[in-house]
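Beneath this line is the structure, given in structure tokens, with notes to follow.
The values are calculated or read from the model by the stated rules, or taken from the named source; none is laboratory data. Small disclaimer: the values here were computed from a predicted structure and weren't measured. When we count neighbours, we look across all protein chains shown, and the Cβ atoms used for this are built from the backbone with ideal geometry, even at glycine. Ligands, DNA and RNA are excluded from the accessible area calculation, which covers all protein heavy atoms including side chains. Shrake-Rupley method; radii C 1.70, N 1.55, O 1.52, S 1.80 Å.
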Amino acid sequence: MADDRPAWAHRIVAERQARDWSQLQAVRALRAHAPSELPSEESMVRQWKRWEAGSMPGDFYRPIIAATFGTVTHAIFPAPSRRDGNAEIVAASGMETLEIVSRLNRSDVDAATLDALRITVDRLCSEYPFMPSEQLLVEGRQWLRRVVDLHSKSLTLAQHREVLALSGWLALLVGCVEYDMGNRHGAESTRRAALSLATETDHSELTGWAHEMRAWFALTTGDYRGVIAASQAGAEHAANHGVAVQLVS
């Protein structure tokens, strides 16, 4: 029988199992993050089972569940997006998505196309807290394939570096969504690919975020030595970027 539970229900099961917690242990961890007294353990375990079965937690519980797993509310429970991503791209670049794709299929790529592509990647990354994971994963992979295909085009050295960096940002986005959906092995492989691209282009900010992802993965699996190692590596490479604040916080 098909499992039609929402992605967030799969996520909280995966987060709990990654920590090797029983449902009772998860409830006890939840209690430690609650701003006020919660019902009895027996009652909360029943409630936790309903959540894992796909019953949406109320406004009070969603941020507490997210804090229990070391993240923010919208990373587990995406808010409905009121944005029109395609309209934003058109407004910023003057190009429809179809036109951008058509330009990418040409033998050479001009500056306007790269600008439109950069805006598209920025838009996708900013949709992470809002767009459903399944949709974002499909779009992220589609654009990643399109950008990777540009390596076969006639590019200047600067354009080649830009394409590699855009590939890296998309890989980080795809890796985050893969991890959210419980594909931990795939997420780590994607993160490593992004780190390799960052290293190839000597892109310090991208490198920092690749290490920040590793720290996040380690934190959610209880690998605290891994958290320290990844945070130190990221802060060293991205000392002059905002991600460094995230890594040392």
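Observations on the structure shown:
- Members of segment 56-70 that are in a loop (DSSP other than H, G, I, E, B) and surrounded by fewer than 18 Cβ atoms within 10 Å (Cβ to Cβ): MET56, GLY58, ASP59, PHE60, GLY70
- Annotation: of all residues in segment 179-188 being at pLDDT 90 or above and in contact with a helix residue (DSSP H, G or I) (Cβ under 8 Å, 6 or more places away or on another chain), the one that is least open to solvent (accessible area, probe 1.4 Å) is ALA187.
- Looking only at segment 13-55, and only at residues there that are among the acidic types (Asp, Glu) and in a helix (DSSP H, G or I), the one that is most open to solvent (accessible area, probe 1.4 Å): GLU42
- Taking each residue of segment 175-191 that is touching a residue at least 24 places away in the same chain (Cβ under 8 Å) and assigned to a helix (DSSP H, G or I) and looking for partners that are open to solvent by 20 Å² or more (accessible area, probe 1.4 Å) and among the charged types (D, E, K, R) with beta-carbon atoms closer than 7 Å, six or more apart or interchain, yields ARG191/ARG214.
- In segment 213-231, the residues that are over 16 Å from GLU178 (Cβ atoms) form Cβ pairs under 8 Å with partners that are loosely packed, with under 15 Cβ neighbours inside 10 Å and among the hydrophobic types (A, V, I, L, M, F, W, C), at six or more places apart or across chains, as follows: SER231/VAL248.
- Test for TRP169: is it at pLDDT 85 or above, closer than 30 Å to THR220 by Cβ and over 12 Å from the mean Cα position of the chain (by Cα): no
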